[in-house]
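The values are calculated or read from the model by the stated rules, or taken from the named source; none is laboratory data. Bear in mind that the values here come from a model prediction, so they are computed numbers and not experimental data. Neighbour counts are summed over all protein chains in view; Cβ atoms, including those assigned to glycine, are modelled from backbone coordinates with ideal geometry. Side chains included, ligands, DNA and RNA excluded: accessible areas come from the protein's heavy atoms. Shrake-Rupley method; radii C 1.70, N 1.55, O 1.52, S 1.80 Å.
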Amino acid sequence: MTNSSNRAAPTPWFQLRKPVSSKQSILSAIFIWALFFAVWEGVSLAGLVNDLLVPAPHTVLTTLVDMLVNRGLVSDILISVWRVVFSFSIACAVAIPLGVAMGAFPAIEAVFNPFVSAWRYLPAPSFIPILLMWFGTGETPKLVLLVIGVVFFLITIIMDHTREVRTELVETGLTLGGKRWTIVRTIILPAVLPHVLTAMRQMLAVTWTYLVIAEIVASTTGVGAMMMRARRFLHTDEIMAGIIVIGVLGLCFDILFRRAHRWFFPYIQDRRN
Amino acid sequence: MSDIQHTNTVAAASAKLVVDSVTKRFSLGKGREVQAIADASFIVDENEICTILGSSGCGKSTILRMMAGLERPTTGELRLDGSVITGPDKERGMVFQAYTSFDWLTVRGNVEYGMRINGVPKPERRARTQKFIDLVNLGGFEDAYPSQLSGGMKQRVAIARTLANDPALLLMDEPFGALDAETRWHMQELLVGIAETANTTMVMVTHDIEEAIYLGDKIVFMSSHPGRVHKIIVPEFKQGKRYKSKEEVIGLDGYGVLEKEIMRMMQEQGANDER
């Protein structure tokens with residue numbers, strides 16, 4: 001290649017800091033997963049791993065389909081999804097108003113922040129024994145664990161983003177005659193909402209983590225409990241099917257949030273997050 | 001220098017805005033303080049365009065923020081139409097150097113924002129919004145979002161939004177400072193046209209001598225460390241007129257003389273600061 005005026009022509013899909021087409025990004029994603037399963041399948045077929053501990057991917061997929069169709073995995077999935085959605089909704093209902101209020105009013109932050117930041121450093125699973133004693137083994141301790149696990153992080157992240165809403169915007173509102181709460185409602189909240197949705201997307205992934213912990217430790221229903229049952233009978237294919245289900249569910253929620261971001265905030269252009 | 005007159009007294013019955021013996025000290029913590037403004041007194045008349053000119057650190061933005069009510073003077077007071085300014089109010093709208101468009105609202109939503117939060121009825125609101133969008137030449141962009149606009153257009157949205165709210169005083173803190181030279185030129189000429197139509201008293205902070213002379217019916221020249229009013233300059237060569245064309249003003253005989261005089265004062269300032 002000596003013709004320097006024609007530099008962009010070769011390998012247009014492999015350029016420094018040039019965004020890739022959506023077709024290319026889909027193909028790339030398929031490629032890496034195909035490669036992963038191919039290596040796994042190859043390793044299994046070649047007999048390099050113990051079949052009992054690492055079943056081949058086609059075995060896992062067959063098991064997964066069988067469980068979905070014949071063995072009631074769908075109800076486990078629905079229970080898990082319900083737990084995540086319900087407890088995450090409660091966490092958001094607390095964290096969004098409180099986080100925005102703390103970020104907007106230093107007086108409110110001064111009260112709640114010493115409390116919230118202390119709780120943030122307590123690992124949520126350390127509450128499992130006491131939650132079991134207080135609430136028994138029903139739904140409540142699981143839901144409480146999920147809420148405790150994310151709510152304090154969510155509050156802090158939303159507070160930080162709210163603080164970063166530019167002062168000029170607030171002062172503009174003041175010189176246009178806005179009162180304090182009017183400015184919170186009509187300037188600070190809309191300015192911070194895109195960041196709130198991004199924070200929700202990230203923290204929902206954390207909720208899934210705590211869900212599996214809760215279901216493994218103290219549950220007879222849900223995807224996590226199903227995996228613990230499978231372990232007792234050395235059904236590694238079922239455990240792996242569970243892992244795949246959780247991964248796919250997480251991915252679906254992530255896509256849902258990205259869609260929502262584009263839907264609610266059409267004015268934000270070219271921001272891929 | 002017949003163009004320049006010294007004024008240290010605060011009086012005048014026609015005064016719209018009075019800055020009366022204002023000082024400002026900022027605390028730096030641990031008992032240390034910095035004197036931002038040592039003493040400032042001047043008046044702005046009804047429908048006047050007043051430019052506050054000075055190098056950085058002269059406290060010109062601080063004075064403007066005190067006019068807006070976003071800062072309080074340490075001593076002295078500011079009065080608009082005779083009443084003391086104690087806090088921000090829709091009577092004193094401010095345009096900042098940084099873009100302050102509300103990204104989640106369209107151009108129309110931005111311009112009508114002030115009227116909406118102040119409860120102006122919808123028919124009147126719509127009509128005024130359109131009037132001020134047209135005034136800043138943004139007709140056709142009503143439904144565009146700020147992210148789709150250039151810097152100059154964003155500042156025009158900010159000016160329209162402030163004026164549509166019908167303030168007694170339009171305050172601007174280097175509103176064209178972030179724009180390229182050509183856009184700035186157009187915006188300055190546009191602002192003269194706006195002043196004609198909107199009949200608003202305007203105070204603009206700038207460090208651009210050309211801008212201060214072209215736009216200012218009165219120029220408050222401030223010196224720094226600590227900030228004080230060095231001279232109040234009325235560019236007599238404009239004979240009390242406003243010109244739509246900036247080129248015409250720069251071509252006038254008195255322009256070069258005044259520009260040189262102000263540059264000399266700025267250089268003296270710089271020399272004093274070095275010492």
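Observations on the model:
- Residues located in region B:48-107, provided they are more than 8 Å from chain A (Cβ to nearest Cβ), of a type in the set (Gly, Ala, Ser) and under 28 Å from residue B:214 (Cβ atoms): B:54, B:55, B:56, B:57, B:59, B:61, B:101
Residues checked against (1) aliphatic (A, V, I, L, M); (2) in a helix (DSSP H, G or I); (3) open to solvent by 70 Å² or more (accessible area, probe 1.4 Å):
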residue: A:34; (1), (2), (3): yes, yes, no
residue: A:47; (1), (2), (3): no, no, no
residue: A:58; (1), (2), (3): no, yes, yes
residue: A:83; (1), (2), (3): no, yes, no
residue: A:103; (1), (2), (3): no, yes, no
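- Residue A:89 vs. criteria hydroxyl-bearing (Ser, Thr, Tyr), open to solvent by less than 40 Å² (accessible area, probe 1.4 Å) and either within 30 Å of residue A:187 (Cα to Cα) or free of Cβ contacts under 8 Å to residues at least 60 places away in the same chain (or both): no
- Count of residues meeting criterion [open to solvent by 60 Å² or more (accessible area, probe 1.4 Å) and either more than 25 Å from residue B:196 (Cβ to Cβ) or in contact with a strand residue (DSSP E or B) (Cβ under 8 Å, 6 or more places away or on another chain) (or both)] in region B:120-144: 4
- Residues of region B:139-155 that are of a type in the set (A, V, I, L, M) and without any contact (Cβ under 8 Å) to a residue 24 or more places away in the chain: B:153 alone.
- Given (1) assigned to a helix (DSSP H, G or I); (2) in contact (Cβ under 8 Å) with a residue 24 or more places away in the chain, number of the condition residue A:216 does not satisfy: (2)
- Qualifying positions in region B:63-81 - open to solvent by 20 Å² or more (accessible area, probe 1.4 Å) and part of a helix (DSSP H, G or I): B:65
- Where a residue in region A:232-255 is under 21 Å from residue A:70 (Cα atoms) and its partner, wherever it lies, is in a helix (DSSP H, G or I) and among the aromatic types (Phe, Trp, Tyr), with Cβ under 9 Å and at least six apart: A:246/A:208; A:249/A:208
- Hey, residue B:229 surrounded by fewer than 23 Cβ atoms within 10 Å (Cβ to Cβ), over 12 Å from the mean Cα position of the chain (by Cα) and at pLDDT 90 or above or not: no
- Count of region B:126-159 residues which are more than 22 Å from residue B:44 (Cβ to Cβ) and at the interface with another protein chain (Cβ under 10 Å from one of its Cβ atoms): 5
- Set B:210, B:182: member being touching a residue at least 12 places away in the same chain (Cβ under 8 Å) and among the acidic types (Asp, Glu): B:210
- Residue count for region A:145-195 satisfying the condition of being part of a loop (DSSP other than H, G, I, E, B), more than 25 Å from residue B:164 (Cβ to Cβ) and either open to solvent by less than 60 Å² (accessible area, probe 1.4 Å) or at pLDDT below 95 (or both): 0.
- Qualifying residue in region A:215-233 (condition: open to solvent by less than 60 Å² (accessible area, probe 1.4 Å), of a type in the set (A, V, I, L, M, F, W, C) and modelled with pLDDT under 90): yes
- Residue within region A:99-120 that is touching a residue at least 60 places away in the same chain (Cβ under 8 Å) and over 30 Å from residue B:146 (Cα atoms) present: no
- Looking across region B:117-146, the residues that are hydrophobic (A, V, I, L, M, F, W, C), over 16 Å from residue A:178 (Cα atoms) and assigned to a loop (DSSP other than H, G, I, E, B) come down to B:136, B:138, B:141, B:144.
- Candidates B:197, B:206, B:183, B:162: the one that is within 14 Å of chain A (Cβ to nearest Cβ), β-branched (Val, Ile, Thr) and on the phi < 0 side of the Ramachandran plot is B:162.
- Residue that is nearest to residue B:44 (Cα to Cα) [pool: residues in region B:232-258 that are open to solvent by 40 Å² or more (accessible area, probe 1.4 Å) and without any contact (Cβ under 8 Å) to a residue 40 or more places away in the chain]: B:240
Residue by residue, here is whether (1) of a type in the set (Asp, Glu); (2) in contact (Cβ under 8 Å) with a residue 12 or more places away in the chain; (3) more than 30 Å from residue A:160 (Cα to Cα) holds:
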{"residue": "A:14", "(1), (2), (3)": "no, no, yes"}
{"residue": "A:37", "(1), (2), (3)": "no, yes, yes"}
{"residue": "A:44", "(1), (2), (3)": "no, yes, yes"}
{"residue": "A:50", "(1), (2), (3)": "no, no, yes"}
{"residue": "A:55", "(1), (2), (3)": "no, yes, yes"}
{"residue": "A:72", "(1), (2), (3)": "no, no, yes"}
{"residue": "A:85", "(1), (2), (3)": "no, no, no"}
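- Long-range neighbours under 6 Å by Cβ, at least six apart or interchain, first residue at the interface with chain B (Cβ under 7 Å from one of its Cβ atoms) within region A:166-178, second small (Gly, Ala, Ser) and in a helix (DSSP H, G or I): A:175/B:68; A:176/B:114
- Residue match in region B:210-225 (condition: surrounded by fewer than 18 Cβ atoms within 10 Å (Cβ to Cβ) and over 20 Å from residue A:175 (Cα atoms)): yes
- Residue within region B:100-116 that is over 15 Å from the mean Cα position of the chain (by Cα), surrounded by fewer than 21 Cβ atoms within 10 Å (Cβ to Cβ), among the hydrophobic types (A, V, I, L, M, F, W, C) and part of a helix (DSSP H, G or I) present: no
- Condition check for residue B:184: open to solvent by 40 Å² or more (accessible area, probe 1.4 Å), more than 15 Å from the chain's Cα centre (by Cα) and among the basic types (Lys, Arg): no
- Given (1) modelled with pLDDT under 95; (2) open to solvent by 30 Å² or more (accessible area, probe 1.4 Å), number of the condition residue A:131 does not satisfy: (2)
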